Amino acid sequence: DLMIVDDGAGGTNRKATMTRLATYMGTKIGGGMDFLGSSGAISDAATVQFTSKIDASKYDSYKFFFHAVLPATDGENLAAELSENNGTAYDSTSGNYHKVLEENAGTGNLSYLQIVAGVDDAQGGYSGEVQLFNAGSSSSNTLLLQRGISGHNSGTASDFRYSDRGGAYVASTAAHTAIQFKFTSGNIASGEITMFGVVNS
């Protein structure tokens, strides 16, 4: 896929790929989202990791879309862990993460960023949107905001738990370079997670 352009309006025509056009438009228009990757169809995976994607020079924040992510073990919390060394190790230290429920103050000394609690596979697991802020900043706390809907493990087959304005944050400031998603016990049975970067405007 090529296009012909006048090089500097000097009368010389040159070929360029269509990807050059997309890059040019991104630098001139700004904003929007870039697709950064996908887990593909998950099949009994312990974690889903996104490495080499966090770049504060390009993106203000990151959005992850969860499509029917089912736990292998019912009633487990869907969680995220962050890495400062691009996935060589992920922080799972108790007390380094806290959760925020609706307008309440931060609570809990957790070993993970809680996305949603008690996910059940009877109603299709969890589907929703998770946004990550300040992930690449060493001077601001990394924040997570989620909204979605999930089957909730409460013993009632028809019970959904709608989670709006749920969030979590890292207790200290650090520049994170990778993120992984997991359930607090057992594997991710199935589903898909996609990642987008919100471009600096």
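The values are calculated or read from the model by the stated rules, or taken from the named source; none is laboratory data. What you are looking at is a predicted structure, and each value in this text was computed from that prediction instead of being measured. Every residue, glycine as well, gets a Cβ built from its backbone with ideal geometry; the counts of neighbours run over all protein chains shown. These area figures cover heavy atoms from the full protein model, side chains too; ligands, DNA and RNA do not enter into them. Shrake-Rupley method; radii C 1.70, N 1.55, O 1.52, S 1.80 Å.
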Kindly write out, for segment 61-69 in residue order, the coupling ³J(HN,Hα) from the Karplus curve 6.51 cos²θ - 1.76 cosθ + 1.60 (θ = phi - 60°), rounded to whole Hz, with x marking Gly and Pro.
7, 9, 10, 10, 10, 9, 10, 6, 7
Rounded to the nearest 10 Å², what accessible area does Val48 have for a 1.4 Å probe in the complete protein model?
10 Å²
Relative packing of 182-190, 83-91, which averages over residues the other C-beta atoms within 10 Å, highest first:
182-190, 83-91
For Lys58 paired with Leu2, estimate the spin-label separation in nm (one decimal), with each label point 7 Å from Cα along the Cα-to-Cβ line.
2.6 nm
Counting only protein heavy atoms and leaving out ligands, DNA and RNA, the solvent-accessible surface of Met33 at a 1.4 Å probe, in Å² to the nearest 10, equals 90 Å²
Please arrange Ser61, Ser43, Ser172 by accessible surface area, largest first, computed with a 1.4 Å probe and ligands excluded.
Ser43, Ser172, Ser61
Probe 1.4 Å - accessible area at Lys15, Å² to nearest ten:
150 Å²
